[in-house]
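The values are calculated or read from the model by the stated rules, or taken from the named source; none is laboratory data. These figures come from a predicted structure and were not determined experimentally. Backbone-built Cβ (ideal geometry, glycine too); neighbour counts: all protein chains shown. For accessibility, only protein heavy atoms count, side chains too; no ligands or nucleic acids. Shrake-Rupley method; radii C 1.70, N 1.55, O 1.52, S 1.80 Å.
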Amino acid sequence: MGKVPAYQGDDGFCLTESNAIAYYLSNDALRGSGAQASAEVLQWVSFADSDIVPPSSTWVFPTLGIMQFNKQAAEQAKEEVKRVLAYLNQHLNTRTFLVGERVSLADITVACSLLWLYKQVLEPAFRQPYPNLNRWFTTCINQPQFKAILGEVKLCDKMAQFDAKKFAEMQPKKDTPPKKEKGGKEGGKPQEKKEKKEDKKKEEKKPAAPAVEEMDECEAALAAEPKAKDPFAHLPKSTFVMDEFKRKYSNEDTLAVAIPHFWEHFDREGYSIWYSEYRFPEELTMAFMSCNLITGMFQRLDKLRKNAFASVILFGTNNDSTISGIWVFRGQELAFPLSEDWQIDYESYTWRKLDVDSEECKTMVKEYFAWEGDFKHVGKPFNQGKVFK
Amino acid sequence: MALRELSSLEKFLGLKKPNKYSTQGDRKVPVLQSNSAPSLVGLGTIATHLAQEAKRPDLLGASAEERAVIQQWLEYRVARLDGCAKEDIKTILKDLNAYLEDKVYLAGNHISLADPLMYYGLHHIITDLAVQEKEKYLNVTRWFDHMQHYPGVRHHLPPVVVLRNRVYTSGHH
């Protein structure tokens with residue numbers, strides 16, 4: 001199945017799945033001595049996989065730029081992480097290590113699954129309520145065997161936020177992986193460690209391979225899909241990061257922050273700005289129906305979201321209205337012909353490419369993005385606006 | 001008492017041939033007798049010497065700072081802990097409990113000479129603690145339990161029962 005990590009022993013014995021490899025390479029002490037202790041070790045290994053890794057990935061990966069940021073998911077993950085930390089902290093209240101009185105596979109697996117949290121986001125104030133967990137974690141990462149693999153681990157000073165720039169950089173090319181090295185090296189797979197310890201079992205795989213792969217999976221999933229049929233693939237890379245602008249537009253003041261940001265970062269080679277007007281205003285009746293017309297078009301253009309932004313406005317009142325908007329597309333041509341899915345609505349509109357330097361363009365961007373102004377060319381009052389983002 | 005402790009320490013350090021000890025004065029300060037060199041006086045001095053003899057520099061600290069902290073605890077053991085008055089015990093436990101909140105070992109991230117020596121010195125105190133008190137000094141108890149389970153440390157001393165699940169949850173924390 002092409003699974004990574006994979007292990008091959010001297011005798012030809014093969015294994016996949018990191019936990020199985022780690023278990024095989026462990027000695028009895030690490031596995032937990034006795035039926036109870038080894039079951040407890042297994043319990044913690046499962047706990048790491050099922051309860052720590054998912055929320056940790058959701059929270060940390062965007063800060064490393066290897067996954068798109070989703071505020072709701074991140075907040076949810078944060079709460080989840082808090083619960084996990086509190087639980088571990090409670091357990092370690094009376095204990096030095098997770099199972100028994102010495103380091104076991106449980107400590108290795110759980111510490112490694114917490115590693116990126118501690119490195120990226122658990123700033124001092126955030127981790128302060130968990131003194132027992134901190135004590136245990138610091139002790140673990142400072143054991144010589146851990147250090148041999150992880151090196152000096154620097155705990156987070158300040159909570160990392162979503163790195164849109166890095167994310168954008170990493171998205172388009174899959175063939176240049178320099179960004180991953182950093183993450184890859186200490187990606188925290190316990191089996192590497194075991195290998196060092198158990199020199200009698202010869203290591204077959206390259207040191208950094210398993211961890212790099214962990215990053216890859218997620219990235220591959222994200223990168224593969226849009227790339228397979230990305231209609232904009234032929235365009236050179238642009239410096240204008242659409243997502244960043246959209247975030248500014250959504251979260252901050254339009255006139256004071258978003259629009260200045262737009263003009264500061266806009267890439268006139270990679271993007272173009274268009275004015276569109278609905279061709280059949282006389283057919284527009286009730287305002288809510290006209291709005292549905294706009295939002296319906298947005299929905300059908302869903303796949304274009306990544307590469308476009310638009311603010312479309314309904315002017316006037318029932319039975320006396322017009323629709324017009326400002327669109328920003330990737331590339332210099334109208335984007336719609338690039339995909340069949342996108343061609344349903346656009347012919348109902350007239351399209352005019354704006355000269356980026358013109359006063360007209362500046363005014364229109366300002367008025368349409370902010371939903372306020374004179375809208376001199378329209379001649380009807382603002383009714384409501386819809387944003388495609 | 002100090003002599004049995006030194007013989008346990010020798011075993012912990014893996015020293016094969018036992019040394020000869022005697023005591024000095026009212027406080028029964030241990031003395032290490034040697035035929036070839038001047039005798040060594042005092043628990044801390046002897047323990048440090050034994051660790052060196054056993055070629056266990058890791059127990060004496062990896063950095064200058066760690067070495068100083070270890071010596072500080074050896075001194076604390078002799079000066080504050082040994083023969084302390086009954087009313088001082090509470091203060092000692094309270095201080096130690098606070099100190100150990102964010103530490104697994106007394107110095108650095110590994111066991112050092114300070115840990116077994118403090119363990120030996122505290123043993124009779126911890127043995128006398130009631131369950132509630134053990135819970136009150138939770139960090140001390142946890143460290144103590146770790147020490148008595150640490151391979152080769154306990155030897156001559158009886159194990160002290162430590163509950164993992166707290167009985168009296170209304171205490172501090």
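At 7 Å along Cα-to-Cβ for each site, give me the label-to-label distance between A:Phe288 and A:Gln332 in nm.
4.6 nm
Please report how many Lys pairs in segment B:15-173 have alpha carbons closer than 29 angstrom, counting only residues at least 8 apart along the chain or sitting on separate chains.
Counting lysine pairs in segment B:15-173 gives 23.
Could you tell me which of the pairs A:Lys166/A:Lys246; A:Lys165/A:Lys353; A:Lys165/A:Lys386 are separated by over 24 angstrom between their Cα atoms in the structure shown?
The answer is A:Lys165/A:Lys353; A:Lys165/A:Lys386.
Quick one: buried accessible area between A and B, total over both chains, 1.4 angstrom probe, nearest 100 Å²?
Accessible area lost upon association: around 1500 Å².
Which of the listed residues, A:Ile294, B:Thr23, A:Ala22, is farthest toward the dipole's positive end in the protein assembly as shown, when Lys, Arg count +1 and Asp, Glu count -1 at the beta-carbon?
B:Thr23
Divide by every residue of chain B the summed helix terms, -39500 (n - 2.57) for each DSSP H run of at least 4, and state the resulting mean residue ellipticity at 222 nm, rounded to the nearest 500 deg cm²/dmol.
Calculated from helices alone, the mean residue ellipticity at 222 nm is -15000 deg cm²/dmol.
Between segment B:1-50 and segment A:317-370, how far is it from one alpha carbon centroid to the other, in angstrom?
90 Å
First measure r as the distance between the Cβ atoms of A:Gln90 and B:Gln52, then evaluate 1/(1 + (r/R0)^6) with R0 = 45 Å and state the FRET efficiency to the nearest 0.05.
The calculated FRET efficiency here is 0.65.
Quick check on packing: order A:84-94, B:82-92 by the mean number of other C-beta atoms within 10 Å, highest mean leading. Please list the in-between numbers first.
Values: A:84-94: 17.5, B:82-92: 11.6.
Result, highest mean first: A:84-94, B:82-92.
For segment A:84-101, list whatever residues lose no less than 50 Å² of accessible surface once every protein chain is in place, relative to that chain by itself, with the probe at 1.4 Å.
Hits at the 50 Å² cut-off: A:Asn93, A:Thr94, A:Arg95, A:Thr96, A:Glu101.
Charges on Cβ only, +1 for Lys and Arg, -1 for Asp and Glu, centred on the Cα centroid of the protein assembly as shown; of A:Ser56, A:Ser348, A:Asn307, which one is farthest towards the dipole's positive end?
A:Ser56
Among B:14-22, B:104-112, how do they line up by average Cβ neighbours within 10 Å per residue, starting with the highest?
Ranked from most to least packed, the peptides come out as B:104-112, B:14-22.
Compute the Cα gyration tensor for segment A:242-388, then decide on rounded, prolate or oblate, letting a ≥ b ≥ c be the square roots of its eigenvalues: rounded whenever a/c is under 1.5, prolate when a/b is larger than b/c in the other cases, and oblate in all that remain.
oblate
Could you look at segment B:2-149 and say what percent of its accessible area is carbon and sulfur, using a 1.4 Å probe and all protein chains?
52 percent
Per residue, what accessible area does the protein assembly as shown have, given a 1.4 Å probe and all protein chains present, in Å²?
On the way: 28050 Å² over 562 residues.
With the other protein chains kept in place, the protein assembly as shown gives 50 Å² per residue.
Taking the radius of gyration and the Kirkwood hydrodynamic radius from Cα positions alone, what is the Rg/Rh ratio for the protein assembly as shown, to two decimal places? Could you put the intermediate results ahead of the total?
On the way: Rg = 33.6 Å, Rh = 28.9 Å.
With Rh from the inverse mean 1/r over Cα pairs, Rg/Rh is 1.16.
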